[in-house]
Amino acid sequence: MHKPILLLLGVTLGLSSNVAVQAAEMYPWRQHQQPFSFVFQNEIDGHQQTRQERDGSLSGYLYIRYTGVVTKDNYPVATHADCSGAADCSVGWTIRGKPSSAKLVRQPMHDHPVFLLARPDIPQPGSYAHFHWTGMSMPMPYLSTDGYLLELTAVNNFCFIHHGSEGAMSAKSCRENQGVKVDRGLDIATLLNIVTNDPAGP
């Protein structure tokens with residue numbers, strides 16, 4: 001008696017999940033038109049479209065541009081792009097964001113700035129692994145700055161290369177191309193930039 005109901009529930013959840021993914025893949029870049037009109041007021045706005053919910057949280061999309069190269073382990077190469085220009089952008093991830101504050105502790109070359117926050121300040125449940133600040137200026141080191149902790153869910157499989165994607169070769173794997181292999185689902189590896197202990201500390 002219970003098995004058919006559970007099977008039906010499982011099929012329904014699976015279908016609704018697939019529909020959600022397809023909708024995310026198909027949501028076009030619309031220059032921050034309503035309802036996805038929230039802006040951070042810095043460079044991330046060239047490849048994000050989110051809306052602010054009543055509780056202050058964010059939901060929306062983070063975009064990528066496919067380069068046309070497919071790695072030897074069969075991952076299409078993608079990178080960030082300025083979608084406000086002529087770039088052909090597609091949804092790479094769905095975003096959920098929670099208001100937060102953090103301190104800039106490191107700014108590595110060709111990677112995301114690293115931010116420090118207390119472990120209890122990471123929202124639970126969830127996989128919030130990327131902090132992005134609000135405002136036009138890069139935050140000053142070790143001063144608390146406002147922003148959002150972001151949880152990303154990939155809508156497709158791809159090889160993400162943050163910088164230097166133009167040099168990617170199909171004869172190499174994603175890793176050999178200095179990329180991060182992204183599989184559909186929660187993704188904490190690609191844009192991870194938070195720490196709970198100062199890397200420059202004792």
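The values are calculated or read from the model by the stated rules, or taken from the named source; none is laboratory data. All values derive from a computational prediction rather than experimental measurement. Note that each Cβ is placed from the backbone with ideal geometry, even for glycine, and that neighbours are counted across all protein chains shown.
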Hey, Glu53 at pLDDT 95 or above and either crowded, with 17+ Cβ neighbours inside 10 Å or on the phi < 0 side of the Ramachandran plot (or both) or not: yes
Leading residue by the ranking (nearest to Glu151 (Cα to Cα)) among those in the stretch 56-85 that are exposed (fewer than 15 other Cβ atoms within 10 Å of the Cβ) and free of Cβ contacts under 8 Å to residues at least 40 places away in the same chain: Asp82
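Search the stretch 35-54 for residues being in a loop (DSSP other than H, G, I, E, B) and touching a residue at least 12 places away in the same chain (Cβ under 8 Å), and hand back the single one that is nearest to the chain's Cα centre (by Cα). Show your work before the answer.
Step one: filter the stretch 35-54 for residues in a loop (DSSP other than H, G, I, E, B), giving 35-37, 39-42, 47, 53-54.
Still in the list and also touching a residue at least 12 places away in the same chain (Cβ under 8 Å): 35-37, 40-42, 47.
Values: Pro35: 19, Phe36: 16, Ser37: 17, Phe40: 14, Gln41: 17, Asn42: 15, His47: 10 Å.
So the residue we want is His47.
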Candidates Glu151, Glu176 - the one that is among the acidic types (Asp, Glu) and within 22 Å of Arg51 (Cα to Cα): Glu151
Residue list for the stretch 86-145, restricted to those being of a type in the set (Phe, Trp, Tyr), more than 21 Å from Cys159 (Cα to Cα) and touching a Ser or Thr at 6+ places or on another chain (Cβ under 7 Å): Phe131, Trp133
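Starting from residues that are in a loop (DSSP other than H, G, I, E, B) and surrounded by 15 or more Cβ atoms within 10 Å (Cβ to Cβ), keep the ones in the stretch 86-129 and report whichever is modelled with the lowest pLDDT.
Here is the first cut: in the stretch 86-129, the ones in a loop (DSSP other than H, G, I, E, B) are 86-89, 107-113, 117-118, 122-127.
Pick out the ones that are also surrounded by 15 or more Cβ atoms within 10 Å (Cβ to Cβ) and you get 87, 89, 112-113, 117, 122-123, 127.
Details: Ala87: 71, Cys89: 94, His112: 88, Pro113: 93, Leu117: 95, Ile122: 96, Pro123: 95, Ser127: 96.
Here the residue is Ala87.
How many residues does the stretch 84-99 contain that are more than 23 Å from Gly185 (Cβ to Cβ) and within 17 Å of the chain's Cα centre (by Cα)?
Of the residues in the stretch 84-99, 1 are more than 23 Å from Gly185 (Cβ to Cβ) and within 17 Å of the chain's Cα centre (by Cα).
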